[in-house]
Each structure stands twice: as structure tokens, then as C-alpha cells.
Amino acid sequence: MLIKEITEMVHENAVQHGWWEEPRKLATTVALIHSEWSEALEEARAGRPLIYKLWIGDENEEPRIVTPETEEYAACGMKPEGVAVELMDGVIRIFDLFGAMGYEVEDPDSGESATLESIYFPDDQEAQELVPEDAGELVTSLHLATSDFIREDDPQNLLIAAGMAMIWIRKHGIDPLKVLMEKHEYNKGRPYKHGKKF
């Protein structure tokens, strides 16, 4: 899937939910990306699964965690949660910002629009090896790359952060595109500005 298609898709959804009715401060938008990285770390610290939903049964039943391997997961209309989901929330925010900026990611070899798969299946094995296994180290690297975007005024740094998040998810046996699409579909049904001020 082309990054351009994903960028248009998530940005259009953000516009429809009121996020771009007024000009947004770049620093605030970047801070929200940082917040997603930190939420991923909190999920890891709590020892929760990479992807899950809370299954809420009847009033006598305690909510319980269900994962994609269970039958209840597909039937559960609750919000997807977990380390992988929070990481993809950060990626979604990055692509939304790219949409607002009109920034298009090109394949360096062909000059054509790059695919999402080219980010988390890089030809360079060294790029994959640079992504830390430890969630804390990963989140530190994501914060650094995201901050470098502001310092250097270079969207490529955000693309590096998105790539690291997706490679990490893939290393854990999960398809990043599948997680992105599941969270995007959930976001489409959320209320105006997701009930938040900014």
C-alpha cells in the first residue's frame, strides 16, 4: 500500500473529526506524537499484550482482556489497545501531519511514491538491526527521532520514527498494516475530536 494512500486516508479522517478546523501549532501536534510513544511504554510497563481489547460481559462479570487469537476479540466492539496499537497511533499521527503538510514520501531509487512495506521491510539489514528489542530503548529512540524533526525541520526524521515503530511490531510477529487499519477503522467511528479539546 502506498504511503500516499495511507496519508490521505488518515488525514481525511482527522479533518472529518474536526482536528484541522483551525490551524494547529506544530509543537502541539508533535507533542501528541510523543504522547503516543509514552503510552506504548506504559502498556509495556503494565505487562499487557501487544494487542488486546477489554471484554465487558454482563454486570456480574469483571472486564477481561481478550487478544486477537480469541473468538471474543472479533466480536468485541471495544477500542483496540496495547503496545503495538499505541505505536501505530503515533504512526497514524505522523501520517496525518504529513497529509496536513502536503509531504509525500518518495522511494529514493525510483522517485515514485513509496510503499508502507518499504519502511518496515527495509532492504538494509542494518536498519532492522538498529531497532532495539527493549520497549524502553525503542521509545527513547522514537522520542529522539521525533524531536529531531523539530530541531532539523526534516520530515524524514518522522519517517524514521514511523519505520522503527513498524519494524519493532513486525519483529514481534504482528503485521503493522493490519494494526494500522484496525485502529483507523475504530477512529472513523469516534466522536468529534474524540471528545477531547485538542
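Each value in this text was obtained by applying a stated rule to the coordinates, not by laboratory testing. For clarity, every value in this text was computed on a predicted model and none was experimentally measured. Note: ideal-geometry Cβ built from the backbone for every residue, glycine included; neighbour counts use all protein chains shown.
Each peptide in 23-36, 155-168, 5-18, 52-65 was scored by the mean count of other Cβ atoms within 10 Å over its residues; highest first, the order is 155-168, 5-18, 23-36, 52-65.
A value for mean projected area of the Cα convex hull in nm² was derived from the coordinates, and within the list [x] 15.6; [y] 11.9; [z] 14.7 it appears as [y].
Structural descriptor for the chain: relative contact order 29 percent, calculated from alpha carbon pairs under 8 angstrom and at least 6 residues apart.
Helical content of the chain, expressed as a calculated mean residue ellipticity at 222 nm, amounts to -18000 deg cm²/dmol (DSSP H runs of 4 or more residues, -39,500 (n - 2.57) each, divided by residue number, nearest 500). Computed extension length for K178-A74: 36.1 nm, one decimal, from 0.36 nm per residue of separation with the Cα-Cα distance subtracted. Ordering E39, E185 from the fewest to the most neighbouring beta carbons within 10 Å gives E185, E39. Exposure proxy shown here: for D175, D153, D96, the number of other Cβ atoms within 10 Å sets the order, fewest to most, as D153, D175, D96.
Count Lys and Arg as plus one, Asp and Glu as minus one, and take only other residues whose Cβ is under 13 Å from that of N187; the net charge is then +1. 3J(HN,Hα) along the range 159-171: 5, 4, 4, 4, x, 4, 4, 6, 4, 4, 4, 5, 4 Hz, from the Karplus curve 6.51 cos²θ - 1.76 cosθ + 1.60 with θ = phi - 60°, whole Hz, x for Gly and Pro.
By the beta-carbon count within 10 Å of each Cβ, the least crowded to most crowded order of L116, L87, fewest first, is L116, L87.
Annotation: Cα Rg of the range 142-183 relative to the compact-globule expectation 2.2 N^0.38 Å equals 1.30. Under a model in which nothing but the beta-carbon of Lys, Arg (+1) and Asp, Glu (-1) is charged, the range 51-198 shows a dipole of about 860 debye around its Cα centre.
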